[in-house]
Amino acid sequence: MANQPSVEEAVERARRAQEDRIAAIRTVAQARQSLADVREQTARELAELQEQIAQRIRQAEQEDVRAYNAAVTAGWTPAELKKIGFPEPEKKQRARRRSTRRTATSTAAKDAPSPSPEQVTEPAPEPVGANHE
C-alpha cells in the first residue's frame, strides 16, 4: 500500500504546484504588458517619424517650386521647361491673394445684375448660300 501523505503534506504539495502555475501566469502577464508598452511606444515613434518625413518632403517640394519659379522669372517658359524635362511642379505654390479695398465702382459692377439669356443678343446666322464676295 502506498504511503498516503498527511493532510498538511498534501496541502503543501498542492500549494507548491499552484505557486509554480501562478509564477507562469505572472511571467505571461509581464510579457504581455511589455509587448503592449513596446507597441504603444513604437506607435508614437512611428507617428513622429512620419511627421518628420512629411515635413522634409514639404520642404523639398517648396524648394522645387521656388527653383521652377526662378527659372520662369529668368525667362524660361513653362512649355520650354517641360520640353527640357521639367514639367510644372506637382505641388504648385498657390499665390497669396492680397486683400484689397473695395471701391464704389467695383462694388457697383459686382452688384449689377447679369443679363438674362433673353437679353443676350447674338448675331443672326447668315442665310445658307450667301455670297461673300
**Complete:** With Glu19 itself left out, Lys, Arg at +1 and Asp, Glu at -1 over residues whose Cβ is under 14 Å from its Cβ give +3
**Asked** Contour minus end-to-end for Glu45 and Glu88, with contour as 0.36 nm per residue of separation and end-to-end as the Cα-Cα distance?
**Response** 12.0 nm
**Request:** Give the distance, in whole Å, between the Cα centre of region 60-92 and the Cα centre of region 6-53.
**Result:** 58
**Request:** Note the per residue figure in Å³ for the convex hull of the C-alpha positions in region 9-90.
**Result:** 80
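Add +1 for every Lys or Arg and -1 for every Asp or Glu among the other residues with Cβ under 15 Å from the Cβ of Pro87, and state the total.
-1
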**Neighbourhood charge, 12 Å Cβ-Cβ cut-off, centred on Arg44 and excluding it, Lys, Arg +1 and Asp, Glu -1** = -4
**FRET E, pair Gln30, Val7, Förster distance 35 Å, beta-carbon r, rounded to 0.05** = 0.55
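Values quoted throughout were computed directly from the atomic coordinates according to the rules given, and no laboratory measurement underlies them. Just so you know, these numbers come straight off a predicted model, no measurement behind them. Here the Cβ is made from the backbone with ideal geometry for all residues, glycine too, and neighbour counts use every protein chain on show.
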